[in-house]
Amino acid sequence: MSTQVEPHLRNEWSLLVFTATTNLADAVTKVALPLLAASLTRSPTLVAGVAAMLSLPWLVTALHVGVLVDRLNRRGLMLAAELARLAAIGVAFVAYLTGTTSLPLIFGVAGVLGVAEVVALTAAASIIPAAVAPIRRHKATARITAVEYLCNGFLGAPVGGFLVAAGAGLALGVTGLVYAAGALLLLVLTGNFAAKATERGSVHAEIRDGLNFLWQHRVLRTMALLVAVMAGAWNAWLAILPLYAVAPGPLGFDARGYGLLLTCLGAGGVLGALLVGPVNRLIGRRWAMFADLVGSFLLVAVPAVWTNAFAVAAAAFAAGIGGTMWTVNARLLSQELVPDHLLGRFNAAYRLVSWGAAPVAAALAGVLTELAGFGVAFGFFAVLGALTVIPFFRVMTAEAVK
(Lines give C-alpha, C1' and ligand atoms only; values in the text may rest on other atoms or scores of the structure.)
Protein backbone atom coordinates (compact mmCIF):
# COMPACT_ATOMS: atom_id res chain seq x y z
CA MET A 1 0.00 0.00 0.00
CA SER A 2 2.74 2.47 0.93
CA THR A 3 4.65 1.75 -2.29
CA GLN A 4 1.53 2.71 -4.27
CA VAL A 5 0.80 5.87 -2.31
CA GLU A 6 4.36 7.17 -2.08
CA PRO A 7 4.79 7.98 -5.82
CA HIS A 8 1.41 9.75 -5.79
CA LEU A 9 2.49 11.85 -2.82
CA ARG A 10 5.75 12.71 -4.57
CA ASN A 11 3.81 13.65 -7.69
CA GLU A 12 1.39 15.74 -5.65
CA TRP A 13 4.21 17.74 -4.07
CA SER A 14 6.04 18.05 -7.39
CA LEU A 15 2.91 19.46 -9.05
CA LEU A 16 2.40 21.76 -6.08
CA VAL A 17 5.92 23.20 -6.28
CA PHE A 18 5.73 23.38 -10.09
CA THR A 19 2.47 25.31 -9.78
CA ALA A 20 4.15 27.70 -7.35
CA THR A 21 7.14 28.42 -9.59
CA THR A 22 5.33 28.76 -12.90
CA ASN A 23 2.53 30.91 -11.44
CA LEU A 24 5.08 33.17 -9.76
CA ALA A 25 6.78 33.66 -13.13
CA ASP A 26 3.43 34.17 -14.89
CA ALA A 27 2.48 36.84 -12.36
CA VAL A 28 5.71 38.75 -12.90
CA THR A 29 5.25 38.72 -16.70
CA LYS A 30 1.64 39.88 -16.38
CA VAL A 31 2.87 42.86 -14.37
CA ALA A 32 6.07 43.50 -16.32
CA LEU A 33 4.81 43.35 -19.91
CA PRO A 34 1.86 45.80 -19.54
CA LEU A 35 4.02 48.20 -17.50
CA LEU A 36 6.77 47.90 -20.10
CA ALA A 37 4.20 48.74 -22.77
CA ALA A 38 2.90 51.65 -20.68
CA SER A 39 6.45 53.06 -20.63
CA LEU A 40 6.35 53.18 -24.44
CA THR A 41 2.80 54.50 -24.97
CA ARG A 42 -0.08 56.06 -23.02
CA SER A 43 -2.72 54.62 -25.37
CA PRO A 44 -5.24 52.54 -23.35
CA THR A 45 -5.99 50.47 -26.46
CA LEU A 46 -2.36 49.51 -27.01
CA VAL A 47 -1.64 48.79 -23.34
CA ALA A 48 -4.83 46.72 -23.08
CA GLY A 49 -3.69 44.93 -26.23
CA VAL A 50 -0.89 43.27 -24.24
CA ALA A 51 -3.44 41.63 -21.94
CA ALA A 52 -5.49 40.70 -24.99
CA MET A 53 -2.49 38.99 -26.60
CA LEU A 54 -1.79 37.03 -23.41
CA SER A 55 -5.31 35.58 -23.47
CA LEU A 56 -6.05 35.47 -27.24
CA PRO A 57 -4.62 31.93 -27.67
CA TRP A 58 -7.49 30.58 -25.55
CA LEU A 59 -9.78 31.71 -28.34
CA VAL A 60 -7.77 30.48 -31.34
CA THR A 61 -5.72 27.46 -30.18
CA ALA A 62 -7.54 25.84 -27.24
CA LEU A 63 -9.51 23.21 -29.15
CA HIS A 64 -6.53 21.86 -31.08
CA VAL A 65 -4.42 21.87 -27.92
CA GLY A 66 -7.12 19.78 -26.24
CA VAL A 67 -6.75 17.11 -28.93
CA LEU A 68 -2.97 17.09 -28.39
CA VAL A 69 -3.45 16.67 -24.64
CA ASP A 70 -5.66 13.62 -25.24
CA ARG A 71 -3.17 12.12 -27.71
CA LEU A 72 0.29 12.90 -26.33
CA ASN A 73 2.13 12.61 -23.04
CA ARG A 74 0.75 15.31 -20.80
CA ARG A 75 3.96 15.84 -18.85
CA GLY A 76 5.86 16.23 -22.14
CA LEU A 77 3.44 18.94 -23.25
CA MET A 78 3.85 20.79 -19.96
CA LEU A 79 7.62 20.63 -20.34
CA ALA A 80 7.46 21.94 -23.92
CA ALA A 81 5.26 24.83 -22.76
CA GLU A 82 7.72 25.72 -20.01
CA LEU A 83 10.64 25.76 -22.46
CA ALA A 84 8.64 27.98 -24.85
CA ARG A 85 8.01 30.43 -22.01
CA LEU A 86 11.70 30.44 -21.20
CA ALA A 87 12.60 31.18 -24.84
CA ALA A 88 10.06 34.02 -25.12
CA ILE A 89 11.28 35.69 -21.93
CA GLY A 90 14.86 35.26 -23.15
CA VAL A 91 14.05 37.21 -26.32
CA ALA A 92 12.44 40.01 -24.29
CA PHE A 93 15.42 40.07 -21.91
CA VAL A 94 17.96 40.39 -24.74
CA ALA A 95 15.87 43.10 -26.42
CA TYR A 96 15.73 45.09 -23.21
CA LEU A 97 19.48 44.83 -22.64
CA THR A 98 20.21 45.92 -26.21
CA GLY A 99 17.68 48.78 -26.20
CA THR A 100 15.55 47.26 -28.97
CA THR A 101 12.32 46.76 -27.02
CA SER A 102 9.25 47.73 -29.04
CA LEU A 103 5.49 47.29 -28.86
CA PRO A 104 5.46 44.66 -31.67
CA LEU A 105 8.08 42.65 -29.77
CA ILE A 106 6.07 42.88 -26.52
CA PHE A 107 2.94 41.71 -28.38
CA GLY A 108 4.89 38.81 -29.89
CA VAL A 109 6.28 37.69 -26.54
CA ALA A 110 2.79 37.96 -25.01
CA GLY A 111 1.39 35.79 -27.80
CA VAL A 112 3.98 33.03 -27.26
CA LEU A 113 3.40 33.13 -23.50
CA GLY A 114 -0.34 32.90 -24.13
CA VAL A 115 -0.04 29.79 -26.32
CA ALA A 116 2.29 28.18 -23.78
CA GLU A 117 -0.24 28.91 -21.05
CA VAL A 118 -3.00 27.15 -23.01
CA VAL A 119 -0.83 24.05 -23.41
CA ALA A 120 0.44 24.05 -19.82
CA LEU A 121 -2.89 24.63 -18.09
CA THR A 122 -4.87 22.22 -20.26
CA ALA A 123 -2.29 19.48 -19.73
CA ALA A 124 -1.96 20.25 -16.01
CA ALA A 125 -5.73 20.09 -15.48
CA SER A 126 -5.80 16.72 -17.24
CA ILE A 127 -2.78 15.16 -15.54
CA ILE A 128 -4.11 15.21 -11.96
CA PRO A 129 -6.17 11.96 -12.13
CA ALA A 130 -3.07 10.07 -13.31
CA ALA A 131 -0.67 11.78 -10.92
CA VAL A 132 -2.65 11.91 -7.66
CA ALA A 133 -4.41 9.10 -5.79
CA PRO A 134 -8.25 9.40 -5.88
CA ILE A 135 -8.48 9.70 -2.10
CA ARG A 136 -6.26 12.80 -2.15
CA ARG A 137 -7.66 14.61 -5.23
CA HIS A 138 -9.95 16.95 -3.28
CA LYS A 139 -7.14 18.03 -0.98
CA ALA A 140 -4.61 18.21 -3.80
CA THR A 141 -6.94 20.28 -6.00
CA ALA A 142 -7.60 22.74 -3.16
CA ARG A 143 -3.88 23.01 -2.38
CA ILE A 144 -2.88 23.53 -6.01
CA THR A 145 -5.58 26.19 -6.42
CA ALA A 146 -4.42 27.93 -3.24
CA VAL A 147 -0.83 27.94 -4.49
CA GLU A 148 -1.97 29.39 -7.83
CA TYR A 149 -3.57 32.35 -6.07
CA LEU A 150 -0.75 32.66 -3.54
CA CYS A 151 1.96 32.86 -6.21
CA ASN A 152 0.02 34.47 -9.06
CA GLY A 153 -1.48 37.21 -6.93
CA PHE A 154 -0.40 37.42 -3.31
CA LEU A 155 3.33 36.94 -3.95
CA GLY A 156 3.71 37.33 -7.71
CA ALA A 157 2.03 40.69 -8.14
CA PRO A 158 4.06 42.61 -5.55
CA VAL A 159 7.23 40.77 -6.57
CA GLY A 160 6.53 41.78 -10.16
CA GLY A 161 5.90 45.38 -9.16
CA PHE A 162 9.07 45.60 -7.08
CA LEU A 163 11.18 43.90 -9.77
CA VAL A 164 9.88 46.22 -12.49
CA ALA A 165 10.52 49.20 -10.22
CA ALA A 166 14.09 47.94 -9.75
CA GLY A 167 14.48 47.41 -13.48
CA ALA A 168 12.56 45.61 -16.24
CA GLY A 169 15.73 43.69 -17.11
CA LEU A 170 15.89 42.28 -13.58
CA ALA A 171 12.22 41.29 -13.73
CA LEU A 172 12.66 39.47 -17.04
CA GLY A 173 15.87 37.75 -15.93
CA VAL A 174 14.36 36.44 -12.70
CA THR A 175 11.28 35.26 -14.59
CA GLY A 176 13.44 33.25 -16.97
CA LEU A 177 15.23 31.54 -14.10
CA VAL A 178 11.93 30.63 -12.44
CA TYR A 179 10.57 29.12 -15.68
CA ALA A 180 13.76 27.06 -15.95
CA ALA A 181 13.23 25.77 -12.40
CA GLY A 182 9.68 24.80 -13.29
CA ALA A 183 10.88 22.75 -16.25
CA LEU A 184 13.27 20.83 -14.00
CA LEU A 185 10.51 20.08 -11.49
CA LEU A 186 8.43 18.34 -14.16
CA LEU A 187 11.19 15.76 -14.55
CA VAL A 188 10.54 14.58 -10.97
CA LEU A 189 7.04 13.29 -11.81
CA THR A 190 6.79 9.51 -12.05
CA GLY A 191 4.18 7.43 -13.84
CA ASN A 192 2.49 7.14 -17.21
CA PHE A 193 0.99 10.47 -18.19
CA ALA A 194 -0.13 9.63 -21.70
CA ALA A 195 -3.87 9.71 -22.28
CA LYS A 196 -5.60 6.33 -22.16
CA ALA A 197 -5.66 4.62 -25.54
CA THR A 198 -9.03 4.85 -27.30
CA GLU A 199 -10.16 4.72 -30.89
CA ARG A 200 -9.01 7.91 -32.56
CA GLY A 201 -10.88 9.87 -35.17
CA SER A 202 -9.82 12.91 -37.15
CA VAL A 203 -8.71 16.04 -35.33
CA HIS A 204 -11.97 17.81 -36.16
CA ALA A 205 -14.03 14.80 -35.06
CA GLU A 206 -12.22 14.74 -31.71
CA ILE A 207 -12.71 18.48 -31.30
CA ARG A 208 -16.43 17.94 -31.87
CA ASP A 209 -16.44 15.22 -29.19
CA GLY A 210 -15.11 17.64 -26.59
CA LEU A 211 -17.47 20.43 -27.61
CA ASN A 212 -20.48 18.10 -27.74
CA PHE A 213 -19.76 16.68 -24.30
CA LEU A 214 -19.55 20.19 -22.84
CA TRP A 215 -22.60 21.54 -24.65
CA GLN A 216 -24.86 18.58 -23.87
CA HIS A 217 -24.11 18.74 -20.14
CA ARG A 218 -26.33 21.50 -18.76
CA VAL A 219 -24.37 22.20 -15.57
CA LEU A 220 -20.94 22.17 -17.23
CA ARG A 221 -22.23 24.31 -20.11
CA THR A 222 -23.71 26.88 -17.73
CA MET A 223 -20.52 26.94 -15.67
CA ALA A 224 -18.49 27.71 -18.80
CA LEU A 225 -20.81 30.52 -19.90
CA LEU A 226 -20.85 32.09 -16.44
CA VAL A 227 -17.06 31.99 -16.28
CA ALA A 228 -16.97 33.66 -19.72
CA VAL A 229 -18.66 36.71 -18.23
CA MET A 230 -16.64 36.68 -15.00
CA ALA A 231 -13.32 36.08 -16.77
CA GLY A 232 -14.21 38.90 -19.15
CA ALA A 233 -14.71 41.24 -16.19
CA TRP A 234 -11.41 40.15 -14.61
CA ASN A 235 -9.50 40.54 -17.86
CA ALA A 236 -11.04 43.95 -18.55
CA TRP A 237 -10.00 45.04 -15.04
CA LEU A 238 -6.45 43.76 -15.53
CA ALA A 239 -6.20 45.27 -19.01
CA ILE A 240 -6.87 48.87 -18.03
CA LEU A 241 -5.64 48.70 -14.43
CA PRO A 242 -2.05 49.78 -15.29
CA LEU A 243 -3.36 53.11 -16.60
CA TYR A 244 -6.05 53.40 -13.91
CA ALA A 245 -3.78 52.64 -10.98
CA VAL A 246 -0.35 53.99 -11.98
CA ALA A 247 0.28 57.76 -12.02
CA PRO A 248 -0.98 59.87 -13.72
CA GLY A 249 -4.02 57.56 -13.47
CA PRO A 250 -6.80 58.17 -10.91
CA LEU A 251 -5.17 56.11 -8.10
CA GLY A 252 -1.71 57.62 -8.61
CA PHE A 253 0.35 54.55 -7.65
CA ASP A 254 3.91 53.74 -8.69
CA ALA A 255 4.92 50.25 -9.88
CA ARG A 256 5.27 49.03 -6.28
CA GLY A 257 1.80 50.28 -5.34
CA TYR A 258 0.37 48.64 -8.45
CA GLY A 259 1.90 45.34 -7.40
CA LEU A 260 0.51 45.69 -3.89
CA LEU A 261 -2.97 46.35 -5.29
CA LEU A 262 -2.78 43.09 -7.23
CA THR A 263 -1.64 41.43 -4.00
CA CYS A 264 -5.12 42.00 -2.58
CA LEU A 265 -6.53 39.79 -5.33
CA GLY A 266 -4.07 37.03 -4.45
CA ALA A 267 -4.58 37.42 -0.70
CA GLY A 268 -8.30 36.91 -1.16
CA GLY A 269 -7.57 33.84 -3.25
CA VAL A 270 -5.42 32.30 -0.53
CA LEU A 271 -8.12 32.92 2.08
CA GLY A 272 -10.75 31.46 -0.23
CA ALA A 273 -8.70 28.29 -0.67
CA LEU A 274 -8.50 27.89 3.10
CA LEU A 275 -12.23 28.47 3.52
CA VAL A 276 -13.65 26.49 0.60
CA GLY A 277 -13.78 23.16 2.45
CA PRO A 278 -15.54 24.50 5.58
CA VAL A 279 -17.85 26.71 3.48
CA ASN A 280 -18.84 23.76 1.28
CA ARG A 281 -19.71 21.73 4.36
CA LEU A 282 -21.51 24.60 6.11
CA ILE A 283 -23.68 26.10 3.34
CA GLY A 284 -23.07 23.87 0.32
CA ARG A 285 -21.07 24.00 -2.90
CA ARG A 286 -23.70 26.17 -4.64
CA TRP A 287 -23.34 29.13 -2.29
CA ALA A 288 -19.56 28.80 -2.22
CA MET A 289 -19.56 29.16 -6.01
CA PHE A 290 -22.02 32.07 -5.86
CA ALA A 291 -19.34 34.04 -3.99
CA ASP A 292 -17.48 34.35 -7.28
CA LEU A 293 -20.40 36.11 -8.97
CA VAL A 294 -20.48 38.62 -6.11
CA GLY A 295 -16.72 39.14 -6.10
CA SER A 296 -16.46 39.54 -9.88
CA PHE A 297 -19.23 42.13 -9.83
CA LEU A 298 -17.56 44.14 -7.06
CA LEU A 299 -14.19 43.96 -8.83
CA VAL A 300 -15.45 46.15 -11.70
CA ALA A 301 -18.40 47.92 -10.04
CA VAL A 302 -16.36 49.61 -7.30
CA PRO A 303 -13.78 51.35 -9.57
CA ALA A 304 -16.63 52.32 -11.91
CA VAL A 305 -18.10 54.63 -9.24
CA TRP A 306 -15.33 55.20 -6.68
CA THR A 307 -11.66 56.12 -7.18
CA ASN A 308 -10.69 55.19 -3.63
CA ALA A 309 -7.65 52.95 -3.38
CA PHE A 310 -8.87 51.13 -0.27
CA ALA A 311 -12.27 50.41 -1.81
CA VAL A 312 -10.71 49.12 -5.04
CA ALA A 313 -8.33 46.94 -3.00
CA ALA A 314 -11.22 45.57 -0.88
CA ALA A 315 -13.16 44.69 -4.04
CA ALA A 316 -10.12 42.87 -5.41
CA PHE A 317 -9.81 40.96 -2.13
CA ALA A 318 -13.47 39.87 -2.32
CA ALA A 319 -13.01 38.81 -5.94
CA GLY A 320 -10.02 36.69 -4.96
CA ILE A 321 -12.04 34.85 -2.30
CA GLY A 322 -14.87 34.13 -4.73
CA GLY A 323 -12.50 33.14 -7.51
CA THR A 324 -10.92 30.38 -5.44
CA MET A 325 -14.28 29.12 -4.19
CA TRP A 326 -15.45 28.71 -7.77
CA THR A 327 -12.21 27.29 -9.17
CA VAL A 328 -11.81 24.52 -6.60
CA ASN A 329 -15.42 23.39 -6.91
CA ALA A 330 -15.48 23.65 -10.70
CA ARG A 331 -12.35 21.53 -11.01
CA LEU A 332 -13.72 18.88 -8.67
CA LEU A 333 -17.00 18.77 -10.59
CA SER A 334 -15.11 18.34 -13.86
CA GLN A 335 -12.99 15.51 -12.46
CA GLU A 336 -16.17 13.78 -11.24
CA LEU A 337 -18.23 14.24 -14.40
CA VAL A 338 -15.75 13.94 -17.29
CA PRO A 339 -14.17 10.61 -18.37
CA ASP A 340 -10.35 10.57 -18.48
CA HIS A 341 -10.05 10.04 -22.23
CA LEU A 342 -12.04 13.27 -22.79
CA LEU A 343 -10.36 15.42 -20.14
CA GLY A 344 -8.00 17.23 -22.49
CA ARG A 345 -10.66 18.05 -25.06
CA PHE A 346 -13.22 18.92 -22.40
CA ASN A 347 -10.82 21.22 -20.55
CA ALA A 348 -9.91 22.88 -23.85
CA ALA A 349 -13.55 23.31 -24.88
CA TYR A 350 -14.49 24.54 -21.40
CA ARG A 351 -11.70 27.10 -21.35
CA LEU A 352 -12.38 28.16 -24.94
CA VAL A 353 -15.94 29.05 -23.98
CA SER A 354 -15.08 30.42 -20.54
CA TRP A 355 -11.80 32.20 -21.29
CA GLY A 356 -12.23 32.85 -25.01
CA ALA A 357 -14.05 36.08 -24.25
CA ALA A 358 -11.11 37.38 -22.21
CA PRO A 359 -9.10 38.92 -25.09
CA VAL A 360 -12.26 40.45 -26.52
CA ALA A 361 -13.07 41.91 -23.10
CA ALA A 362 -9.56 43.30 -22.73
CA ALA A 363 -9.67 44.96 -26.13
CA LEU A 364 -13.20 46.29 -25.54
CA ALA A 365 -12.15 47.69 -22.15
CA GLY A 366 -9.31 49.56 -23.82
CA VAL A 367 -11.57 51.01 -26.52
CA LEU A 368 -14.28 52.02 -24.02
CA THR A 369 -11.69 53.70 -21.82
CA GLU A 370 -10.23 55.56 -24.79
CA LEU A 371 -13.68 56.76 -25.93
CA ALA A 372 -15.59 57.29 -22.69
CA GLY A 373 -13.27 56.92 -19.69
CA PHE A 374 -12.62 54.40 -16.94
CA GLY A 375 -16.05 54.66 -15.31
CA VAL A 376 -17.93 53.60 -18.44
CA ALA A 377 -15.49 50.77 -19.16
CA PHE A 378 -15.70 49.29 -15.65
CA GLY A 379 -19.45 49.94 -15.45
CA PHE A 380 -20.19 48.06 -18.67
CA PHE A 381 -18.65 44.87 -17.28
CA ALA A 382 -20.36 45.38 -13.92
CA VAL A 383 -23.75 45.32 -15.65
CA LEU A 384 -22.85 42.11 -17.48
CA GLY A 385 -21.74 40.58 -14.19
CA ALA A 386 -25.03 41.42 -12.49
CA LEU A 387 -26.95 39.57 -15.21
CA THR A 388 -25.20 36.26 -14.39
CA VAL A 389 -27.31 35.86 -11.24
CA ILE A 390 -30.37 34.71 -13.22
CA PRO A 391 -28.86 31.69 -15.05
CA PHE A 392 -26.85 30.76 -11.97
CA PHE A 393 -29.89 30.24 -9.76
CA ARG A 394 -31.88 28.56 -12.52
CA VAL A 395 -29.28 25.93 -13.37
CA MET A 396 -26.76 25.64 -10.54
CA THR A 397 -29.15 24.13 -8.03
CA ALA A 398 -27.98 22.46 -4.82
CA GLU A 399 -28.82 19.05 -6.31
CA ALA A 400 -26.97 19.73 -9.58
CA VAL A 401 -23.67 20.69 -7.93
CA LYS A 402 -23.71 18.56 -4.78
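Among the residues of the range 59-101, which ones are closer than 14 Å to residue 169 by Cα and in contact (Cβ under 8 Å) with a residue 60 or more places away in the chain?
Correct list: 89, 90, 92, 93, 96, 97, 101.
Which one is nearest to residue 353 (Cα to Cα), of the residues in the range 235-257 that are open to solvent by 50 Å² or more (accessible area, probe 1.4 Å) and in a helix (DSSP H, G or I)?
The selected residue is 238.
Being among the small types (Gly, Ala, Ser) and without any contact (Cβ under 8 Å) to a residue 12 or more places away in the chain is true for just one of 247, 194, 231. Which residue is that?
One residue alone meets the criteria, 247.
Considering the range 149-179 alone, what residues qualify as being open to solvent by less than 50 Å² (accessible area, probe 1.4 Å), touching a Ser or Thr at 6+ places or on another chain (Cβ under 7 Å) and at pLDDT below 75?
149, 153, 157, 158
Take the conditions farther than 30 Å from residue 257 by Cβ, modelled with pLDDT of 80 or more and buried (at least 24 other Cβ atoms within 10 Å of the Cβ) and apply them to residue 331. Does it pass?
Details: farther than 30 Å from residue 257 by Cβ: yes; modelled with pLDDT of 80 or more: yes; buried (at least 24 other Cβ atoms within 10 Å of the Cβ): no.
Considered against the rule, which asks whether it is farther than 30 Å from residue 257 by Cβ, modelled with pLDDT of 80 or more and buried (at least 24 other Cβ atoms within 10 Å of the Cβ), residue 331 comes out as no.
Since residue 345 meets every condition but one in (1) under 23 Å from the mean Cα position of the chain (by Cα); (2) surrounded by fewer than 22 Cβ atoms within 10 Å (Cβ to Cβ); (3) among the charged types (D, E, K, R), which condition does it not meet?
Of (1) under 23 Å from the mean Cα position of the chain (by Cα); (2) surrounded by fewer than 22 Cβ atoms within 10 Å (Cβ to Cβ); (3) among the charged types (D, E, K, R), only one is false for residue 345: (2).
What number of residues in the range 6-43 are within 23 Å of residue 356 (Cβ to Cβ) and over 22 Å from the mean Cα position of the chain (by Cα)?
The qualifying residues number 0.
Given the criterion over 23 Å from residue 384 (Cα atoms) and either at pLDDT 90 or above or not in a helix (DSSP H, G or I) (or both), identify the matching residue among 275, 282.
Answer to the check: 282.
Please determine, by comparing only the residues of the range 189-229 that are of a type in the set (Val, Ile, Thr) and at pLDDT below 85, which one is nearest to residue 348 (Cα to Cα).
207
If you go through the range 15-28 one residue at a time, do you hit one that is open to solvent by 70 Å² or more (accessible area, probe 1.4 Å), modelled with pLDDT under 85 and out of contact with any strand residue (DSSP E or B) (no Cβ under 9 Å at 6 or more places or on another chain)?
No, that holds for no residue.
Listed here are the residues, each with its yes/no results for (1) open to solvent by 30 Å² or more (accessible area, probe 1.4 Å); (2) in contact (Cβ under 8 Å) with a residue 40 or more places away in the chain; (3) assigned to a helix (DSSP H, G or I); (4) not hydrophobic (A, V, I, L, M, F, W, C).
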site	(1), (2), (3), (4)
300	no, yes, yes, no
303	no, yes, yes, yes
310	yes, no, yes, no
314	yes, yes, yes, no
325	no, yes, yes, no
336	yes, no, yes, yes
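What's the number of the only condition in (1) within 29 Å of residue 139 (Cα to Cα); (2) open to solvent by 10 Å² or more (accessible area, probe 1.4 Å); (3) polar (S, T, N, Q) that residue 354 fails to meet?
(2)
State yes or no: is residue 85 within 17 Å of residue 124 (Cβ to Cβ), buried (at least 23 other Cβ atoms within 10 Å of the Cβ) and basic (Lys, Arg)?
Yes: the conditions hold for residue 85.
The values are calculated or read from the model by the stated rules, or taken from the named source; none is laboratory data. What you are looking at is a predicted structure, and each value in this text was computed from that prediction instead of being measured. All Cβ positions, even for glycine, are placed from backbone atoms using ideal geometry, and neighbour counts span all protein chains on display. Areas reflect the complete protein model, heavy atoms only, side chains present, ligands, DNA and RNA absent. Shrake-Rupley method; radii C 1.70, N 1.55, O 1.52, S 1.80 Å.
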